[in-house]
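Chemist: There's a structure below that I have some questions on.
The values are calculated or read from the model by the stated rules, or taken from the named source; none is laboratory data. Note that the coordinates shown come from a computational prediction; the quantities given were computed from them, not determined experimentally. Cβ coordinates were reconstructed from backbone atoms using ideal geometry, including for glycine residues, and neighbour counts include every protein chain displayed. To get the accessible areas, we keep the full protein, side chains included, count just its heavy atoms, and leave off ligands, DNA and RNA. Shrake-Rupley method; radii C 1.70, N 1.55, O 1.52, S 1.80 Å.
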2 protein chains.
Amino acid sequence: MSDTVTIYDIAKVVGTSPGTISKALNGRHDVGDTLRERIIETAASMGYRPNVHARGLKMKKSWLVGMVYGEDESDSLEHPLFLPIMNAFKRQMEHFGYELLFLSQHSKFIGDSLLSHAFSRQVDGLLLMNVAEHATRSFVTASNAIPMVACDAIVPSLSSVITDNIMASKEAVGYLYGLGHRNIGHIAGPANPVTVGGDERLEGFVQGMHELGLLDANQYVVRAEGWTPNHGRDAFVKLMQTHPDITAVYCAADFYVMGMLQVCRDKGIRIPADISVIGFDDVQWTAFVEPGFTTFRQNKEQLGTVAANRLLAAMDGEQSIDIVRIPAELVVRGSCRNVKWHT
Amino acid sequence: MSDTVTIYDIAKVVGTSPGTISKALNGRHDVGDTLRERIIETAASMGYRPNVHARGLKMKKSWLVGMVYGEDESDSLEHPLFLPIMNAFKRQMEHFGYELLFLSQHSKFIGDSLLSHAFSRQVDGLLLMNVAEHATRSFVTASNAIPMVACDAIVPSLSSVITDNIMASKEAVGYLYGLGHRNIGHIAGPANPVTVGGDERLEGFVQGMHELGLLDANQYVVRAEGWTPNHGRDAFVKLMQTHPDITAVYCAADFYVMGMLQVCRDKGIRIPADISVIGFDDVQWTAFVEPGFTTFRQNKEQLGTVAANRLLAAMDGEQSIDIVRIPAELVVRGSCRNVKWHT
DNA sequence: CTCTATAGCGAAACCGTTTTCGTTACCGTA
DNA sequence: TACGGTAACGAAAACGGTTTCGCTATAGAG
């Protein structure tokens, strides 16, 4: 069985030429109906699978798209967003006949080796997730040869789809303001390595505060030095030292909330009685601690799907580059207290 | 620039034949040293990338391995094990020149369509993760045509690498026994759909208890009906109703512990004062709740690497099929109490 | 000096498709 | 009857590599 049957084998059985087999199988119009049926039937019965290499060689199309992601920071691998986005992307691409190649990016290969592989494989498109800052250059220069779209990031001169972090931050401060909070702290993402998500959330925080007349917002910001719970803990400690008057904290990541929890437990700070908290990402445990945490849920499904559609368009010749922002949803649980009637 | 330079282009520049270019680039011995150097140089300067399709067509080797995983249960996507294992596997395969194709498996395609793709792409090997029970058949029949290895699962008549769940369970009961516990409950994985991990942990639990002379172990088992926190919560409630005398619970998943936490909070049950708990998987938050949870950490790095090595061997002609079990590590935190001196 | 072995290179077949182009047969129309 | 048009198929080139085989020098041995 199954020693790779080719169109020649089918041709022999049916008694026609290989070219005709190809045409019949591809739905071309210049082959008779009865013959076509016979061909399709015997092809199926013989277990014929078109050889992708031969086809790709001739057609210069691989029906492959590469998913590149940075694997430097161990965060990214286990990042709660990564897999769901990837999966939505994959589902959509598959729907249009594409398969996915996995291309990770060690920092030692500054993207060049990765692009080599991409070219060799003749990938039809590239999805960039979480690419290291210093590697974007080579991608951008290659982007006229092979269509790309960035997801969960913004790469200049490339189409990008990303959560609307600024909007979310504004919503966060607006929500807290509405509950009566005025002294609101923000634990922001690290300055080094900088991430667009972290920066945008910070930017949105400051903007939102300003629009509400809270002009010293920058005073209430402390940047964590990484994305882990420990970093969040340290940042919170610092925030409490410099601004013991805060009644609410908006965290750029749920992991930060995790770190905060430890401190609060140790110092007897109650949530939300003593301090209100909003997180970001809606990781699984936020719903299962007591109280459940109010946090932002990124629309991972939509992020992946939109990225896929954008890439499909680009592969179809669409030239324009644009940034599409997907709104995040504020999931309200029990970590924020209404202080309006208690002051 | 860069409109796909081929060996013909190089041949024109160097002034030799395409065949010689190929031989020089592949380190064949029948080409002069000076000429070889010149060829390698100009190839590099022209930005030559070998066309994988042409090569694959001739050599009948794709340097691609497929990673197939079931995506039915939303668990699997976000499963804390999946990505780290996959990444270790990938790193090892890449080291030997292979790239990874992502093949997920919707239940509607009962594996056949997936195998079609695998054949079309001429993948050199397949890693099976989390494949649905009903789909294993088609894989097994195809396994003589294309090498496979299962990971985090056991597929009969295929090489498999999996965590040593039985050993772990025995260690769990042994540890609790050593702390003085005798009435030990077990929240086991669901019977439907059954998973080898869940079953083995159950089996190990019963065996371990028996070996310690606790012969009614089966009485203290309740199977959850899924893998989510809510399923764990329900199972725990059931366990407490039928066996209020238990002093310790061994959970087949950390998610179950998550569910337990809610119940304990509601009913004022203190951990570990009133009840001791051991989980499985070492998900991130286990270290950040108070008390930190004692749990098993699977060696994801090794699982992935060993699976890769096993697959490489199989692709190299190794015929034997075997099951290799990777030990899990008991991470002791604060959720188990020593009751020896208090009874 | 002649013969043979070998090193170094080119020619060409081959891998499995797709696609263009030509050929034939047959239809309908004038 | 003659002619143009079309439907249905085959022949063959092309895609970009790899590899076998044959050829020509040159070196070394007798």
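Chemist: In degrees, nearest 10, range 0 to 90: what is the angle between the Cα axis of helix B:229-242 and the longest Cα principal axis of chain B?
Modeler: 30 degrees
Chemist: If the elastic network links every pair of Cα atoms under 10 Å, which of A:D112, A:D30, A:D274 fluctuates the most in the Gaussian network model of chain A?
Modeler: Between A:D112, A:D30, A:D274, it is A:D30 that shows the largest mean-square fluctuation.
Chemist: Can you tell me the relative contact order of the stretch A:7-50? Whole percent, Cα pairs under 8 Å, sequence separation 6 or more.
Modeler: After rounding, I find 37 percent.
Chemist: Mind listing the label-point distances from B:V13 to the same position on all other copies, shortest first, one decimal in nm, points 7 Å along Cα→Cβ?
Modeler: Copy-to-copy label distances for B:V13: 4.6 nm.
Chemist: Take peptide A:285-292, look around each residue's Cβ out to 10 angstrom, count Cβ atoms belonging to other protein chains, and average those counts.
Modeler: Taking the mean over all residues of the peptide, I get 5.
Chemist: A further question follows. With an 8 Å cut-off on Cα pairs and a minimum separation of 6 or more residues, tell me the relative contact order of chain B in percent.
Modeler: 17 percent
Chemist: Okay, moving on. Over the Cα atoms of the stretch A:165-298, what radius of gyration and what Dmax do you get, in Å?
Modeler: Expressed in Å, the Cα Rg and Dmax of the stretch A:165-298 come to 13.2, 36.
Chemist: Three principal axis extents, largest first, for the C-alpha atoms of the protein assembly as shown, in Å?
Modeler: 83, 69, 58
Chemist: To continue, here is another question. What's the average, rounded to a whole number, of partner chain beta-carbon atoms within 10 Å of each residue's beta-carbon in A:95-103?
Modeler: Mean partner-chain Cβ count within 10 Å for A:95-103: 4.
Chemist: Determine the total buried accessible area between chain A and chain B, counting protein heavy atoms only with a 1.4 Å probe; round to the nearest 100 Å².
Modeler: For A against B, buried area totals roughly 5000 Å².
Chemist: Shifting gears a bit: Could you calculate the FRET efficiency of B:K12 with B:R137 from 1/(1 + (r/R0)^6), where r is the beta carbon distance between them and R0 is 60 Å, rounded to 0.05?
Modeler: 0.70
Chemist: OK, next. Counting partner chain Cβ atoms within 10 Å of every residue's Cβ in A:112-125, what's the average?
Modeler: Neighbouring Cβ atoms belonging to other protein chains average 3 per residue here.
Chemist: What's the carbon and sulfur percent of the stretch B:165-298's accessible surface, probe 1.4 angstrom, rounded to a whole number?
Modeler: 51 percent
Chemist: Could you check the spin-label model distance between A:V263 and B:D245? Points 7 Å from the Cα along Cα→Cβ, value in nm.
Modeler: My value for the distance between the label points is 4.8 nm.
Chemist: I would also like to ask the following. Tell me the volume per residue, in Å³, of the convex hull enclosing the alpha carbons of the stretch A:244-294.
Modeler: It comes to 71 Å³ per residue, whole-number rounded.
Chemist: Sticking with this one: How much length would be gained if the chain were fully extended between B:E318 and B:L215, taking 0.36 nm per residue of separation minus their Cα-Cα distance, in nm to one decimal?
Modeler: Net length gain for the segment: 32.8 nm.
Chemist: Mind checking which of A:T195, A:Q319, A:G226 is farthest towards the positive end of the protein assembly as shown's charge dipole, using Cβ charges of +1 (Lys, Arg) and -1 (Asp, Glu) about the Cα centre?
Modeler: Ranked along the dipole, the leading option is A:Q319.
Chemist: At a 1.4 Å probe radius, carbon and sulfur cover how many percent of the accessible area of the stretch B:300-343?
Modeler: 49 percent
Chemist: How much area per residue is accessible in the stretch B:249-343 when the probe is 1.4 Å and only protein heavy atoms are counted (Å²)?
Modeler: That works out to 43 Å² for each residue.
Chemist: In nm, to one decimal, how far is the modelled label at B:E301 from the one at B:L179, with both set 7 Å along Cα→Cβ?
Modeler: For B:E301 paired with B:L179, the spin-label model returns 2.7 nm.
Chemist: Next question. Using alpha carbons only, how many angstrom separate the centre of the stretch B:143-179 from the centre of the stretch B:249-276?
Modeler: 26 Å
Chemist: Please figure out what share of the DSSP beta bridges in the protein assembly as shown is antiparallel and state it in percent, rounded to the nearest 5.
Modeler: Looking only at bridges with both residues in the protein assembly as shown, the antiparallel portion is about 15 percent.
Chemist: Leaving out ligands and nucleic acids, and using a 1.4 Å probe, what accessible area per residue does the stretch B:98-191 come to in Å²?
Modeler: Normalised by residue count, the accessible surface of the stretch B:98-191 is 32 Å².
Chemist: Ok, one more. Out of the stretch A:263-341, which GluC sites (Glu not before Pro) are coil in DSSP terms and have no more than 14 other C-beta atoms within 10 Å?
Modeler: In loop regions of the stretch A:263-341 (DSSP not H, G, I, E or B), the sparsely surrounded GluC sites (Glu not before Pro) are A:E318.
Chemist: While we're looking at this one, here's another question. Which one, B:N165, B:N130, B:N192, has the greatest fluctuation when you compute a Gaussian network model over chain B with C-alpha springs under 10 angstrom?
Modeler: For chain B, modelled as a Gaussian network with Cα springs under 10 Å, the answer is B:N192.
Chemist: Still on this structure: Might you report the magnitude of the Cβ-based charge dipole of the stretch A:165-298 about its Cα centre, with Lys and Arg at +1 and Asp and Glu at -1, to the nearest 20 debye?
Modeler: The calculated dipole for the stretch A:165-298 is roughly 240 debye.
Chemist: Turning to a different aspect of this structure: Below 8 Å, C-alpha to C-alpha, sequence gap of six or more: please give me the relative contact order for the stretch A:165-298 in percent.
Modeler: Across the stretch A:165-298, relative contact order equals 24 percent.
Chemist: Under the convention of a label 7 Å out along Cα→Cβ, give the distances in nm from A:M46 to the same position in every other copy, shortest first.
Modeler: Copy-to-copy label distances for A:M46: 3.8 nm.
Chemist: If you don't mind, there's one more thing I want to ask. Per DSSP helix of 4 or more residues, -39500 (n - 2.57); summed, then divided by the residues of chain A. What does that give at 222 nm, rounded to the nearest 500?
Modeler: That calculation yields -13000 deg cm²/dmol at 222 nm.
Chemist: Rounded to two decimals, what ratio of Rg to Rh does the stretch A:7-50 give with C-alpha atoms and a Kirkwood Rh?
Modeler: With Rg and the Kirkwood Rh in hand, the quotient comes to 0.90.
Chemist: Taking a point 7 Å out from Cα toward Cβ as the label site, list the nm distances between B:S157 and the same residue in every other copy, smallest first.
Modeler: 5.7
Chemist: Dividing the alpha-carbon Rg of chain B by 2.2 N^0.38 Å yields what?
Modeler: Normalised Rg, Cα atoms only: 1.30.
Chemist: Which positions within the stretch A:234-267 get 40 Å² or more of their accessible surface covered by the other protein chains, compared to the chain by itself, with a 1.4 angstrom probe?
Modeler: Those are A:M258, A:R265, which lose 40 Å² or more relative to the chain on its own.
Chemist: Less than 19 Å from a label point 7 Å out along the Cα-to-Cβ axis of A:T4: which backbone N atoms in the stretch A:116-134 qualify, by residue?
Modeler: Label zone hits: A:121-122.
Chemist: I would also like to ask the following. Considering only DSSP beta bridges with both partners in chain A, what is the antiparallel share in %, to the nearest 5?
Modeler: If we restrict to bridges inside chain A, about 10 percent are antiparallel.
Chemist: Provide the per residue accessible area, probe 1.4 Å, for the stretch A:7-50, rounded to a whole number of square angstrom.
Modeler: Averaged over the residues of the stretch A:7-50, the accessible area is 64 Å².
Chemist: Need one number for the stretch B:132-184: average projected area of the convex hull over its C-alpha atoms, nm².
Modeler: Quarter of the Cα hull surface area: 4.8 nm².
Chemist: Among B:V68, B:V194, B:V14, which one shows the biggest mean-square fluctuation in a GNM of chain B, springs joining Cα atoms closer than 10 Å?
Modeler: Per the Cα network of chain B with a 10 Å cutoff, B:V14 tops the list.
Chemist: Assign unit charges at the C-beta atoms only (+1 for Lys and Arg, -1 for Asp and Glu), then state the dipole size of chain A relative to its Cα centre in Debye, rounded to the nearest 20.
Modeler: The dipole of chain A has a size of about 500 debye.
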